[in-house]
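Asker: This structure is in structure tokens; I'll ask about it shortly.
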Amino acid sequence: MGAGALVGVVVVSHSDLIARGVVELARQMAANVRIEAAGGTDDGRIGTSFDRVSAAIVAAETGAGAVVLCDLGSAILTAETALDFLDDDRRPRVRIADAPLVEGAVAASVAAESGGDLDTVVRAAQSAGGGADDSGEPVPVEEAASAPLGAGGDPRRSAA
């Protein structure tokens, strides 16, 4: 890892406008992080592009790793395919986070801006969906959604 390198973030969406919008939002809180958009198809339609996703991963991963966030299932498939084609030395430094696109991208970007390592940035993205339990492990969205509301209506806080 290069001195001062931060974990990068890649936003993969079926819509170029959504991907660019999420990147714009995340950059407001993480100006020093490489946050790359990979939205839409190569000809501007709704869909995903292997080439766009691959280029975004390479641009975001500068030695410290990169976290990829996706909007829908087929975007995940495209990102997984792009990971399969990465160089052997880069592939272990790129992870796809199971996280909501907007909240996950913002949380990951802030964690990266704070100097978090790859594992920390992935955990930050994943905890954006349903929070974290007392051990800091991500809580699945379904579990958080079914929890009783606690302080301030937050399902992650105890109702007691």
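Asker: Filtering the stretch 20-48 down to residues that are under 15 Å from D71 (Cβ atoms) and touching a Leu at 6+ places or on another chain (Cβ under 9 Å), which residue is most open to solvent (accessible area, probe 1.4 Å)?
Answerer: T48
Asker: Restricting to the stretch 1-19, count the residues that are aliphatic (A, V, I, L, M), closer than 19 Å to A64 by Cβ and outside any loop (DSSP other than H, G, I, E, B).
Answerer: Within the stretch 1-19, the first condition is being aliphatic (A, V, I, L, M), and the residues that meet it are 1, 3, 5-7, 9-12, 17-19.
Among the residues that remain, those that are also closer than 19 Å to A64 by Cβ are: 1, 3, 5-7, 9-11.
Adding the requirement that they be outside any loop (DSSP other than H, G, I, E, B) leaves 9-11.
Within the stretch 1-19, residues that are aliphatic (A, V, I, L, M), closer than 19 Å to A64 by Cβ and outside any loop (DSSP other than H, G, I, E, B) number 3.
Asker: Does S54 fit the bill of being among the hydroxyl-bearing types (S, T, Y), closer than 17 Å to A125 by Cβ and not in a loop (DSSP other than H, G, I, E, B)?
Answerer: So S54 fails the test.
Asker: For V68, only one of the following conditions fails: (1) of a type outside the set (S, T, Y); (2) crowded, with 24+ Cβ neighbours inside 10 Å; (3) in a helix (DSSP H, G or I). What is its number?
Answerer: (3)
Asker: Which of the residues that make up the stretch 82-91 are open to solvent by less than 60 Å² (accessible area, probe 1.4 Å) and assigned to a helix (DSSP H, G or I)? Give the derivation first.
Answerer: Kept after step one, since they are open to solvent by less than 60 Å² (accessible area, probe 1.4 Å), are these residues of the stretch 82-91: 82-83, 86, 90.
If the condition is that a residue be open to solvent by less than 60 Å² (accessible area, probe 1.4 Å) and assigned to a helix (DSSP H, G or I), then A82, L83 are the ones that fit.
Asker: Taking the conditions exactly as written (outside any loop (DSSP other than H, G, I, E, B) and either within 10 Å of the chain's Cα centre (by Cα) or at pLDDT 95 or above (or both)), does I76 satisfy them or not?
Answerer: Spelling it out, I76 is indeed outside any loop (DSSP other than H, G, I, E, B) and either within 10 Å of the chain's Cα centre (by Cα) or at pLDDT 95 or above (or both).
The values are calculated or read from the model by the stated rules, or taken from the named source; none is laboratory data. Every value quoted in this text rests on a predicted model; they were computed, and no experiment measured them. Note: ideal-geometry Cβ built from the backbone for every residue, glycine included; neighbour counts use all protein chains shown. Quick note on the areas: whole protein, heavy atoms, side chains included, nothing else; ligands and nucleic acids left out. Shrake-Rupley method; radii C 1.70, N 1.55, O 1.52, S 1.80 Å.
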